[in-house]
Amino acid sequence: MSGIVLTGAALSLLGIIGLMLCLAKVVKAKKQSLSDEDMRAELAAVMSINLGSLFLSAVGLMTVAIGIAIG
């Protein structure tokens, strides 16, 4: 059962790393003083990574909870 928990923790960690990457990209875009259209395009590109990372993190946390409940 510890394998399930460790797998879930790894998935959550990957999701959190992805969220940090999104945050870094947004901060970098804000520092560049982009135009409104360019900023919207940059944020639209980051949004898909953000949602994927959030999903991965949630799946990882569910996996950890299932592993704890089973074990």
Does region 11-45 hold any residues that are small (Gly, Ala, Ser), in a helix (DSSP H, G or I) and more than 12 Å from LEU61 (Cβ to Cβ), and which are they?
GLY18, ALA24, ALA29, ALA41, ALA44, ALA45
Quick check on VAL27: is it loosely packed, with under 14 Cβ neighbours inside 10 Å and aliphatic (A, V, I, L, M)?
yes
For PHE55, work out the one condition from (1) of a type outside the set (Ser, Thr, Tyr); (2) modelled with pLDDT under 95; (3) under 20 Å from the mean Cα position of the chain (by Cα) it doesn't fulfil.
(2)
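The values are calculated or read from the model by the stated rules, or taken from the named source; none is laboratory data. Just so you know, these numbers come straight off a predicted model, no measurement behind them. Because the Cβ atoms are built from the backbone with ideal geometry, glycine has one as well, and the counts that use them run over all protein chains shown.
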